[in-house]
1. Among the candidates 50, 57, which residue alone is modelled with pLDDT of 95 or more, β-branched (Val, Ile, Thr), open to solvent by less than 40 Å² (accessible area, probe 1.4 Å) and under 18 Å from residue 304 (Cβ atoms)?
2. Would you mention how many residues in segment 127-150 are in contact with a strand residue (DSSP E or B) (Cβ under 7 Å, 6 or more places away or on another chain) and among the basic types (Lys, Arg)?
3. I'm trying to understand the selection: among the residues of segment 365-383, which are within 18 Å of the chain's Cα centre (by Cα) and not charged (D, E, K, R)?
4. crowded, with 20+ Cβ neighbours inside 10 Å and hydrophobic (A, V, I, L, M, F, W, C): is that true of residue 80 in this structure?
5. Are any residues in segment 113-129 surrounded by fewer than 15 Cβ atoms within 10 Å (Cβ to Cβ) and assigned to a strand (DSSP E or B), and if so, which ones?
6. List pairs: first in segment 29-41 and under 17 Å from residue 158 (Cα atoms) and open to solvent by less than 50 Å² (accessible area, probe 1.4 Å), second assigned to a helix (DSSP H, G or I) and at pLDDT below 95, Cβ under 6 Å, 6+ apart or cross-chain?
7. Only one residue in 132, 98 is within 24 Å of residue 353 (Cβ to Cβ), open to solvent by less than 20 Å² (accessible area, probe 1.4 Å) and modelled with pLDDT of 95 or more. Which one?
8. Anything in segment 60-69 that is touching a Gly at 6+ places or on another chain (Cβ under 9 Å), open to solvent by 20 Å² or more (accessible area, probe 1.4 Å) and either among the charged types (D, E, K, R) or not in a helix (DSSP H, G or I) (or both)? List them, or say none.
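The values are calculated or read from the model by the stated rules, or taken from the named source; none is laboratory data. Quantities reported herein were computed from a predicted structural model and do not represent experimental measurements. In this analysis, Cβ positions are derived from the backbone assuming ideal geometry, glycine residues included, and neighbour counts consider all displayed protein chains. Areas reflect the complete protein model, heavy atoms only, side chains present, ligands, DNA and RNA absent. Shrake-Rupley method; radii C 1.70, N 1.55, O 1.52, S 1.80 Å.
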Amino acid sequence: MITRRKVLLGASGVVLAGVAGGSLFAATRTPHAARAPWQSPGALSADPRVAAMEWAVLAPNPHNRQPWLMAFNGNDEAQLYCQLDRRLPETDPFDRQVLIGLGCFLELFILAAQDQEYDVRVSPFPEGAPPVDGRLDARPIAHLQLVPSKGLAKDPLFQHAPYRRSNKEAFDQDRALTADTMMGFIKAAGGTAEGTVDPAKVAALREVAWQAWQVEANTPRTHQESVNLMRIGKSEINRSPDGIDLGGAFLETLAVAGLLTRETLADPNSTAFKSGEDMYKGLIGSSQGFIWLTSDDDSRTAQLQAGRDWLRLNLAATGAGVATQPLSQALQEFPEMAGPFADVHDTLGVETPRRVQMLARIGYGPEVPPSPRWPASTRMVSV
């Protein structure tokens, strides 16, 4: 059977053959500049805050928006802020997911500081927290103070930070993920994580995740928000190393052929859109298990803590050789997502005032490269 993917593969092959030195073209599509922050973070920074920040910018975050900003005070203090124009108002109308991403940054900053023998004293929302039914604002997310602590125990999870990824590939169906392996890394992470590899529950969560993806993709304003953040090809990725990177020889040749553009990605009747739909359905269908984080309430403090817990869970899974990919759509709070939102909470047995903060598919996946990042130097501000 000829699938849309095979049609696209054929088209890309024709175009690639027409590009001067096709194999050379393929070999030079890596956006090295955009991945440079992953090379030896913190190694050359005398200021422990800068060194820790060079690690923290590698944290996971929604749509790779990298919304963090830091201001340094004196010799040992820092303040964490949200860059307000990097929020996601359509899919994340109350900035909950963005705040979780800031929590991931915060936890990785703390682990990197501890690795340099500095304890970090954290004061969340020192000027007050925004209301949960509002938006984040210009007030700081957290105030940090670094205190030298010679002999401070280093968290073993930090060693996995260079290898942490959000894996957006299909998972290996020939290698079983066991409950023991899953529970092992959940325990290593600490926090409030739960998980399942039970076939019936996995099937139910696959279905909810797929329905949620369809809602987001077929709601024009929420889908367009993602399309606007897509970086197509090496040049765009290097120029703007945030958002959703679509790189590599295969995708770039589709772009050269005019098959992959923001217009085709936004058009639900296009081959590009339908191929993306097929791909995502396959990714969800390859889920070998699921993990999730819940909180006792949905306060801003709980959301920030969920980010810290997710970073630790992500690192622990990395250490166990298990791939993860967040499936955030069913947890979004725009009106059209109300059905899947209720379904995922019902499936997981989570009742108000408790709240599911993170949901991710897990399994054994192929090795993938790191996501593009802005250097830490671009994320520093004066206040």
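1. 57 is the lone residue from the list that is modelled with pLDDT of 95 or more, β-branched (Val, Ile, Thr), open to solvent by less than 40 Å² (accessible area, probe 1.4 Å) and under 18 Å from residue 304 (Cβ atoms).
2. Of the residues in segment 127-150, 0 are in contact with a strand residue (DSSP E or B) (Cβ under 7 Å, 6 or more places away or on another chain) and among the basic types (Lys, Arg).
3. Selection gives 365, 366, 368, 369, 370, 371, 372, 374, 375, 376.
4. Values: crowded, with 20+ Cβ neighbours inside 10 Å: yes; hydrophobic (A, V, I, L, M, F, W, C): yes.
Taking the combined requirement at face value, the residue satisfies it.
5. Hits for segment 113-129 are 119, 121, 123.
6. If the second residue must be assigned to a helix (DSSP H, G or I) and at pLDDT below 95, no pairs are left.
7. On the way: 132 fails: open to solvent by less than 20 Å² (accessible area, probe 1.4 Å).
Only one candidate passes the filter, namely 98.
8. If the condition is that a residue be touching a Gly at 6+ places or on another chain (Cβ under 9 Å), open to solvent by 20 Å² or more (accessible area, probe 1.4 Å) and either among the charged types (D, E, K, R) or not in a helix (DSSP H, G or I) (or both), then 61, 65 are the ones that fit.
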